[in-house]
Structure formats: C-alpha cells, structure tokens
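Note sheet for the following structure.
The values are calculated or read from the model by the stated rules, or taken from the named source; none is laboratory data. No experiment lies behind these values; they were computed from the predicted model shown. Cβ coordinates were reconstructed from backbone atoms using ideal geometry, including for glycine residues, and neighbour counts include every protein chain displayed. Keep in mind that these areas ignore ligands, DNA and RNA; they rest on the heavy atoms of the full protein, side chains included. Shrake-Rupley method; radii C 1.70, N 1.55, O 1.52, S 1.80 Å.
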Amino acid sequence: MNVFRMPVSAVALAGVALLITGAAAQPASAHPKPVPLRALAAGTGVRIGTAVDMAALADDTTYRRTTAREFNSVTAENVMKWESVEPSRGTYDWQPADDLVRSARAHGQAVRGHTLVWHSQLPGWLTTGVADGSIGATELRGILRNHITTEVKRYKGRIYQWDVVNEVFEEDGSLRNSIWLQQLGPSYIEDAFRWAHAADPKAKLFLNDYNVEGINAKSTAYYDLAKRLRSKGVPVQGFGIQGHLAIQYGFPGQVAENLARFEKLGMQTAFTEVDVRMILPVDEEKLATQATYFRGLLDACVQARRCTSFTVWGFSDKYSWVPGVFDGQGAATLMNEEFARKPAFAAVGEGLAEGA
Ligand code: G3I
C-alpha cells in the first residue's frame with residue numbers, strides 16, 4: 001500500500017471504472033467524458049507524469065491540451081540537458097526549460113528535472129575540449145560542479161525530483177566508461193549528488209537508468225552503489241527506473257522486489273520514462289499485450305510504499321523517439337498519432353482507479 005493513499009468508497013471507484021473504460025455502445029449524451037489520469041492519480045500518492053516535447057507543446061493544440069488535462073507531473077524530454085542549456089561555453093539558453101517550468105506552474109504540475117550528468121547530449125565545446133586535451137581533469141571537475149550548481153539553483157524550489165546521474169552503469173554492472181569516469185574517476189557520482197543537494201536541499205535526488213526494472217546485474221549495481229553512498233551520508237534519495245520496455249522481449253521479473261529493496265534503504269522509487277514499443281505493424285493482440293506491460297509497471301509503483309511518480313516518455317506516437325532509434329518498431333505510447341486512446345491508456349486509468 002502506498003503511504004499517501006487516501007480512502008475512496010467502493011461506490012466512487014465503481015463509477016470511476018465505468019467512466020475510464022467508457023461504454024462504447026452508448027449514445028454520446030450518455031457517454032460522459034473520461035476522468036483524466038491526474039484526477040485518478042490524486043488518490044494514489046503517485047504522480048502521473050509525461051515527458052514534454054517543447055516544440056509540440058508550442059505548436060500542437062491537442063498535445064498541449066492533453067498534457068495539461070491528463071498529467072500532474074512533467075519532465076523535459078530534452079530541454080534541460082546540458083547541450084540545450086549551455087550550447088556554447090558560458091552562454092546559457094534557459095528559455096525552453098523556463099517555458100516548461102512556467103507552463104507546469106500554470107497547470108498545477110510538478111516538474112521532474114532531467115538530467116544533470118549524462119554521457120550523451122553533451123555540448124560540443126565540452127566533448128571536443130576533453131578529446132583534444134584543452135580541458136584537463138581539474139578543469140572538467142570545476143565545469144561539472146558549475147553546471148550542476150547553476151542549473152539546480154536556477155530551478156530551486158520548483159523541481160521536486162532531479163535525475164542527477166543518468167545511465168552510469170553497463171548491463172553487466174560495471175561503471176560506464178564515460179568521459180566522467182575516465183577523467184574524474186568514480187567519485188564524480190557522489191560529488192554530483194553533494195553539489196546538487198547544496199544547490200537545492202529540498203529536491204529529491206535520483207539515480208536513473210534503463211533495463212533496471214527487475215532484479216539483474218545492472219539494478220544490483222545501483223542497489224550496491226545506493227547502499228554505499230547512503231551509508232557515507234551522500235544525499236541520494238531516489239532510484240529512477242526508466243521503463244523503456246518492448247513486448248517482444250517479455251515483461252521483466254521481480255519488479256516489486258526490486259522496488260522494495262531500494263525502499264528498504266529509505267529511498268523513494270519512480271518510473272521515469274515508461275514506454276512499451278512493439279514491432280510494427282500494430283495489431284489488437286500487440287496492443288493488448290502492451291496494455292498489460294504498462295499496467296504491470298504501474299501496479300508495481302502503486303503497490304510499493306514509496307514509489308512517488310510514474311512518468312510516460314511521451315503520450316502520443318506522433319512525437320515518440322522510438323521509431324527514429326529502433327528500425328521497424330514504434331507505437332510505444334498511450335495514444336496513437338491521432339491522439340486516439342489505446343488499450344494501454346485505459347489500463348493506466350484502471351490501475352490508478354484501483355490503486356486509489
Ligand atoms: O533539436 C535538434 C534539431 O534542431 C535538429 O534539427 C534535429 C536533427 O536531428 O535534431 C534535434 O535534436 C534531437 C533531439 O532529440 C530533439 O528532438 C536529437 O537529434 C535527438 O538525438 C534527440 O533525441 C533524444 C534522445 O534522448 C537523445 O539521446 C530524444 O528526443 C529523447 O526522447 C531521448 O530521451 C532519452 C532520455 O533522455 C534518457 N533515457 C533514454 C531516452 C530515450 O533515448
């Protein structure tokens with residue numbers, strides 16, 4: 001049971017379940033609008049979130065309305081990443097990230113910060129400088145400290161969870177051989193948490209990665225790291241599980257047990273980037289399987305004691321990153337390209353309603 005769960009009467013629940021599944025055969029007048037996901041989530045203690053594509057938010061009215069209506073948490077899909085905020089050294093472009101934070105505030109949404117330290121989407125001036133030796137290790141450490149401090153301070157008090165380090169382990173549980181590890185050694189991870197905490201002591205600070213839904217070598221590496229850091233007093237408070245699944249690979253095992261072991265360390269957990277792709281073309285059976293995968297992760301979150309947010313990595317296939325990266329795959333989100341709700345959308349709604 002989630003500690004924040006509030007009692008909801010069985011009668012209300014039955015009504016909600018009827019509304020979210022929707023009775024297809026009913027005439028329009030007897031077919032009330034579905035209850036928004038964020039309203040269903042209100043009784044669970046879990047925020048329901050989405051990654052936001054800022055170009056779509058600006059240009060696409062349906063996208064904008066759906067973001068505001070369905071979600072009470074938002075994550076910048078790209079605009080808080082280093083290459084976006086500091087494209088040339090010392091020159092910052094906060095505009096799109098500021099726009100997201102402002103939009104979130106206007107719509108009563110909390111903001112997840114993504115992401116401070118990553119091996120990807122680094123600005124060219126930084127990767128080139130490290131590669132040609134013009135930026136040495138001491139200077140790089142100062143640059144990293146400055147980046148974290150500047151960005152976290154800018155949004156101090158307005159970001160409830162930060163993905164401080166993203167994707168720092170390989171599948172076998174060894175540390176990723178990134179420029180951070182190569183230049184600074186493994187202590188860059190604890191430094192990053194300490195610097196972020198100093199800049200905003202109230203934000204919850206997360207580790208974040210993919211392929212760590214269940215118990216495996218990679219998630220165990222995170223568990224060992226979190227345990228070690230917390231025993232040293234390093235301010236790491238959350239474990240973020242991205243949740244990029246694919247129906248052709250099966251549903252991960254031991255998800256609940258995985259959440260539980262992190263929570264036992266006193267940490268929060270969160271699903272931070274959920275989508276479930278499939279090999280195209282779409283058919284009904286694949287969509288039904290996809291719905292069970294979304295529901296499986298959501299149920300694990302709702303039933304965990306300290307799983308605080310469940311974020312989907314975009315809600316419409318129109319803007320999903322998946323087809324651009326996985327050839328022949330797609331349809332990974334809750335709505336199709338025309339914003340029609342898939343079975344997965346109803347499954348998430350039902351999971352929230354039952355979890356309330
Ligand atoms: O903004 C430029 C645009 O100006 C240019 O014309 C265009 C040409 O390719 O590229 C645009 O940038 C793209 C950016 O998305 C914004 O659309 C980048 O090429 C593209 O690589 C980038 O992809 C993002 C990816 O992270 C980068 O690795 C995806 O949108 C984003 O969904 C994805 O998100 C990651 C999480 O941060 C971490 N976990 C995995 C997840 C999926 O890969």
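Accessible surface for the chain, divided over its residues, is 42 Å² per residue with a 1.4 Å probe.
In debye to the nearest 20, how big a dipole does the chain give about its Cα centre with +1 on each Lys and Arg Cβ and -1 on each Asp and Glu Cβ? Kindly include the intermediate steps, with their values, before the conclusion.
Details: 37 positive and 38 negative charges, 321 e Å.
Once rounded to the nearest 20, the dipole reads 1540 debye.
With a cut-off of 16 Å on the backbone N, the residues of the stretch 51-94 near the modelled label site 7 Å out from Asp132 along Cα-Cβ are 88-89. Summarising the amide proton neighbourhood of Leu280: residues at separation of 5 or more, or on other chains, whose placed amide H is nearer than 5 Å comprise Gln329, Gly330.
What is the diffusion coefficient of the stretch 160-287 in µm²/s, taking the Kirkwood radius over Cα pairs and the Stokes-Einstein relation at 10 °C with a viscosity of 1.306 mPa s?
Details: Rh = 15.5 Å.
In µm²/s, the coefficient is 102.
Helices in the chain that qualify as membrane-span-like (whole DSSP H runs, Cα extent of at least 20 Å along the helix axis, mean Kyte-Doolittle hydropathy of -1.0 or higher) are 137-154, 217-231, 284-303.
Extension gain, Ala58 to Arg89, is 8.4 nm, computed as 0.36 nm per intervening residue step minus the present C-alpha separation. To put it simply, the accessible area of the chain at a 1.4 Å probe is 54 percent carbon and sulfur. With both residues required to sit in the chain, DSSP beta bridges show an antiparallel share near 10%.
Are any of the pairs Lys33/Lys156; Lys156/Lys232; Lys202/Lys286; Lys218/Lys286; Lys81/Lys202 more than 30 Å apart by Cα-Cα distance, and if so, which? With Cα atoms farther than 30 Å apart: Lys33/Lys156; Lys202/Lys286.
Relative to the present Cα-Cα distance, how much length would full extension add between Glu257 and Glu171 at 0.36 nm per residue of separation?
Numbers: separation 86, 0.36 × 86 = 30.96 nm, distance 1.90 nm.
Gain in length upon complete extension: 29.1 nm.
Just the projected area, averaged over all directions, of the convex hull on the alpha carbon atoms of the stretch 160-222: how many nm²?
On the way: hull surface 17.9 nm².
Convex hull of Cα atoms, orientation-averaged projection: 4.5 nm².
Note down the Stokes-Einstein diffusion coefficient of the stretch 244-356 in µm²/s, whole number, using a Kirkwood radius over alpha carbon pairs, 4 °C, and 1.567 mPa s. Working shown, then result.
Numbers: Rh = 14.4 Å.
Estimated via Stokes-Einstein, D reaches 90 µm²/s.
Around the amide H of Asn216, modelled in the peptide plane, lies no amide H under 5 Å away from a residue 5 or more places distant or on another chain.
Ignoring aspartates and glutamates fewer than eight residues from Lys227 along the same chain, the ones with Cα atoms less than 14 angstrom from its Cα are Glu190, Glu263.
Which of the trypsin sites (Lys or Arg not before Pro) found in the stretch 54-108 are in a DSSP loop and have at most 15 neighbouring Cβ atoms, other than their own, within 10 Å? Let's see the in-between values first.
Details: sites: Arg64, Arg65, Arg69, Lys81, Arg89, Arg102, Arg105; in loops: Lys81, Arg89.
Sparse-neighbourhood loop trypsin sites (Lys or Arg not before Pro): Arg89.
Full extension of the chain between Arg230 and Asn336 yields a length gain of 34.0 nm, computed as 0.36 nm times the residue separation minus the alpha carbon distance. A crude spin-label estimate for the pair Thr220 and Lys153, with each label 7 Å from Cα along the Cβ direction, gives 4.2 nm.
Using all pairs of distinct alpha-carbon atoms, the Kirkwood hydrodynamic radius of the chain works out to 20.9 angstrom.
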